[in-house]
Amino acid sequence: MPMRLVVDLNKCQGYAQCAFLAPDVFTMHGEETLVYSPWADEEQREKVARAVAACPVQAITADGLDGAGDRSTGAAQGASDAR
Amino acid sequence: MPAEEFHEWLRREGRIVVVGASLAGLRAAETLRAEGFAGSLTMIGDEPYQPYDRPPLSKAVLLGKASPDHTELPRRRDIDATWRLGVAATGLDLAAKRVRLADGDEVPYDRLLIATGVRARPWPKEEEAQLDGVFVLRTRDDAVRLHRRLKAAPRRVFVIGAGFTGSEIASACRDQGIAVSVAERADGPLVGALGGVIGAVAAELHRDNGVDLRTGVMVTGLEGDSVGRVRAAHLSDGSVVETDVVVVSLGATRNTDWLTGSGLGAGPRGIACDAGCRAFDFRGIVTDDVFVAGDVARSPHPLFGYQFLSLEHWGNAVAQAEVAAHNMISPSSDRRPHMWVPAFWSSQFGVNIKSIGVPSMGDEIMITQGSLAERRFVGVYGYQGRIIAAVSFDNTRWLEFYERQIEMGAPFPVEYPTVDRRPEGRKPVPADFPDPSLPTHGPTVTLSGYSPSDRRLVFTPARH
Ligand SMILES: Cc1cc2nc3c(=O)[nH]c(=O)nc-3n(C[C@H](O)[C@H](O)[C@H](O)COP(=O)(O)OP(=O)(O)OC[C@H]3O[C@@H](n4cnc5c(N)ncnc54)[C@H](O)[C@@H]3O)c2cc1C
Ligand code: SF4
């Protein structure tokens, strides 16, 4: 199942670490605007995980990846949760 | 039952119902579980989809970086909920503590969270709004329709209203090489939210990117052809623009109609609640079992003179949901106020626009970093001698500093030497907001009176 992700763009400082680590998911548009795909293929998981970990302000939340705080059970239940 | 025992029981086996299964509803549900709520949780949403994110709908989706039907929100944790999706709540019985659903069901609750958000204000002339090629953009379904039409290479897109969403749509169209006209009643884009000084910069941004921007005009009518497709827009200055797509971006209306007659303090401006997210009833008396969060809420903020703020801000929906959820299952001594400093972002024409605080309260603005001409700057808004807000264009790293300044009530005009010493930075100028008594479609922050008792004690059903 593809991963869902969201970036808290209030937090994001546009330093582009994520765009460097997972360029198929995160891209910079202009000087400091981040544009990202909220739905990433499973084969991107490794790269997205690296981006989540590298983001200096913990702005990225993705299913099953520990971005900020207590995100322990995300992906596993993501599907069973649906209805 | 004593309060403490009651809350223990509530946490263990209470019934919590959330109406509105979007950003605020989901984040509240996750917070409830994270804080140990073990009772039953029911999520009611009228859209037939799992909670999804809206900001990408006018950005990544229209730029071709994301699919309109795949912006579902990731989960912070399992919420073990009963989902009632695709069915609207149609009524609330406060005394019996039950939510009525469109399919006739009734769902009882011990605690209710209302997070029904807002909907796009449609083009007011119904027949014209029905024309093929006329769109709004609020939901996933809206995005699918608009996206499909934009991919079919329209000759021109006509955007009504240059607030954030309208400007983002125009920007995405230009990015895809589509001809765009934008009509705005104010003197520039974003004027309602950021004032005329910034609006002038936004206007240049539109024009330099090839947008046919028409300000100070109103759209008087949309014209259809013989088979009911839109073919032109008529403007108050007498001009006519031929177009095959019209996007109506005239702001939003609170989803409170379903509460008509319920006795809650709910109307077209939202649902009034206290700083702890508890809803007021229409008499101005706070309830203790109905909570509100997100775009549909109006709540008093101590940093802004206790004015009731209605914020259509992603970050507010998240922060308020977390506070509401915490307070729903906590005795009053453990409750927290929602004191989030309003923050907003938008990206358009490759520029990252962010604001912090409540710009529309400011009467003066001062450019403290960078320059308007370079479109890379920070503007600070002042109100009654203190800093009330800041806006940045491609200068996001400064905002955290100004957030602290706002929280501290730092003096305005700012006294510290600015990093850039350019002439425009030296003195404050009027921020140039439109007369607040005139409706605009731009503002994402609305100040609506000092206390719920300002409102007359008459129930006014939503009608616009
Ligand atoms: C195109 C677009 C771009 C945006 N861009 C930005 C941005 O760049 N930055 C930013 O800060 N914010 C942005 N926002 C705003 C942000 O998306 C909102 O602040 C956020 O969605 C609010 O979440 P919410 O859960 O309070 O309300 P909503 O997301 O509006 O959700 C409310 C839900 O309740 C449902 N509902 C309504 N009535 C009923 C009923 N009677 N019964 C059951 N369900 C009901 C609705 O259908 C909806 O699903 C944007 C919004 C849009 C539409
Ligand atoms: S790494 Fe984090 S802060 Fe940097 S651009 Fe990506 S999301 Fe934004």
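The values are calculated or read from the model by the stated rules, or taken from the named source; none is laboratory data. Everything quoted here is computed from the prediction, not taken from an experiment. With ideal geometry, Cβ positions are generated from the backbone for all residues, glycine too; neighbour counts draw on all protein chains shown. Just the protein is used for accessible areas: all its heavy atoms, side chains included, with ligands, DNA and RNA removed. Shrake-Rupley method; radii C 1.70, N 1.55, O 1.52, S 1.80 Å.
Some observations on this one:
- Output for the range B:309-347, where each listed residue is within 16 Å of ligand 1 (Cβ to nearest atom) and either part of a loop (DSSP other than H, G, I, E, B) or aromatic (Phe, Trp, Tyr) (or both): B:Glu312, B:His313, B:Trp314, B:His338, B:Trp340, B:Val341, B:Pro342, B:Phe344, B:Trp345
- Taking the criterion of being in contact (Cβ under 8 Å) with a residue 40 or more places away in the chain and facing chain B (nearest Cβ under 10 Å), no residue of the range A:20-43 qualifies.
- Test: residue in the range B:125-132 that is in contact with a helix residue (DSSP H, G or I) (Cβ under 7 Å, 6 or more places away or on another chain) and modelled with pLDDT of 95 or more: no
- Given (1) open to solvent by 40 Å² or more (accessible area, probe 1.4 Å); (2) in contact with a helix residue (DSSP H, G or I) (Cβ under 9 Å, 6 or more places away or on another chain), number of the condition B:Asp141 does not satisfy: (2)
- Residues being open to solvent by 10 Å² or more (accessible area, probe 1.4 Å), part of a loop (DSSP other than H, G, I, E, B) and out of contact with any His (no Cβ under 7 Å at 6 or more places or on another chain) - total across the range B:256-275: 7
- Matching residues in the range B:372-410 - criterion: being in a strand (DSSP E or B) and within 26 Å of B:Lys59 (Cβ to Cβ): B:Arg376, B:Phe377, B:Val378, B:Gly379, B:Tyr381, B:Ala389, B:Ala390, B:Val391, B:Ser392, B:Phe393
- Scope the range A:4-18; condition at the interface with chain B (Cβ under 7 Å from one of its Cβ atoms) and in a strand (DSSP E or B); matching residues: A:Arg4, A:Leu5, A:Val6
- Residue match in the range B:5-20 (condition: open to solvent by 10 Å² or more (accessible area, probe 1.4 Å) and under 30 Å from B:Lys151 (Cα atoms)): no
- Scanning the range B:288-307 for residues that are surrounded by fewer than 24 Cβ atoms within 10 Å (Cβ to Cβ) and either modelled with pLDDT of 95 or more or more than 26 Å from B:Phe37 (Cβ to Cβ) (or both) yields B:Asp289, B:Pro300, B:His301, B:Pro302, B:Leu303, B:Phe304, B:Gly305, B:Tyr306, B:Gln307.
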